[in-house]
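To keep things clear, I will list the structure first and then write my remarks on it.
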């Protein structure tokens, strides 16, 4: 006659300990926590990157004067009149930037322009 023993000395059946080979198992709660943590980290990084970009943008307040473009007048003419001692190419570029013009040829008679004072 053979006797099979299922329990050792009256103790509870032992549970097998998970091993590394079994892999990681996340519960629904664990998955939600992981997702929320990743979203929070992404939000923090996005806000931090936005602050870094805005800190790099320095707004310079340039002293300006206003001039009205006369018929036949070009930005080159205006630049040489406004700053005769400076390179007209630099002055034209400053006028284009200051007035948010698409290019140097986009001025028309009667248009008011801001000129940087040097």
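The values are calculated or read from the model by the stated rules, or taken from the named source; none is laboratory data. Just so it is clear, the structure is predicted and the values come from calculations on it, not from any experiment. Glycine gets a Cβ as well: all are built from the backbone with ideal geometry, and neighbour counts include every protein chain shown.
Those residues that are over 29 Å from the mean Cα position of the chain (by Cα) and not in a loop (DSSP other than H, G, I, E, B), I need them from region 91-115; list them, please. Can you show your working first?
The first filter runs over region 91-115 and keeps only residues over 29 Å from the mean Cα position of the chain (by Cα), leaving 91-92, 104-115.
The answer is 91, 92, 112, 113, 114, 115.
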Worksheet item: residue 106 fails exactly one of the following numbered conditions: (1) surrounded by 10 or more Cβ atoms within 10 Å (Cβ to Cβ); (2) closer than 30 Å to residue 116 by Cα; (3) modelled with pLDDT of 90 or more. What is the number of that condition?
Response: (3)
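Checking the structure you have, find out if any residue of region 3-22 is modelled with pLDDT of 90 or more, exposed (fewer than 10 other Cβ atoms within 10 Å of the Cβ) and not in a helix (DSSP H, G or I). Even if it seems obvious, please write down each step before you answer.
Kept after step one, since they are modelled with pLDDT of 90 or more, are these residues of region 3-22: none.
Checking region 3-22: not a single residue is modelled with pLDDT of 90 or more, exposed (fewer than 10 other Cβ atoms within 10 Å of the Cβ) and not in a helix (DSSP H, G or I).
State the number of residues belonging to region 78-89 that are over 12 Å from residue 115 (Cα atoms) and either in a loop (DSSP other than H, G, I, E, B) or under 32 Å from the mean Cα position of the chain (by Cα) (or both). Even if it seems obvious, please write down each step before you answer.
Our first condition is that a residue be over 12 Å from residue 115 (Cα atoms); within region 78-89, this holds for 84-89.
Now drop any that are not either in a loop (DSSP other than H, G, I, E, B) or under 32 Å from the mean Cα position of the chain (by Cα) (or both), which leaves 84-87, 89.
Counting residues in region 78-89 that are over 12 Å from residue 115 (Cα atoms) and either in a loop (DSSP other than H, G, I, E, B) or under 32 Å from the mean Cα position of the chain (by Cα) (or both) gives 5.
Looking at 75, 101, 43 in this structure, which one is at pLDDT 75 or above, more than 30 Å from residue 117 (Cα to Cα) and surrounded by 10 or more Cβ atoms within 10 Å (Cβ to Cβ)? I'd like the intermediate steps shown before the answer.
On the way: 75 fails: more than 30 Å from residue 117 (Cα to Cα); 101 fails: more than 30 Å from residue 117 (Cα to Cα).
Going through 75, 101, 43 in turn, just one is at pLDDT 75 or above, more than 30 Å from residue 117 (Cα to Cα) and surrounded by 10 or more Cβ atoms within 10 Å (Cβ to Cβ): 43.
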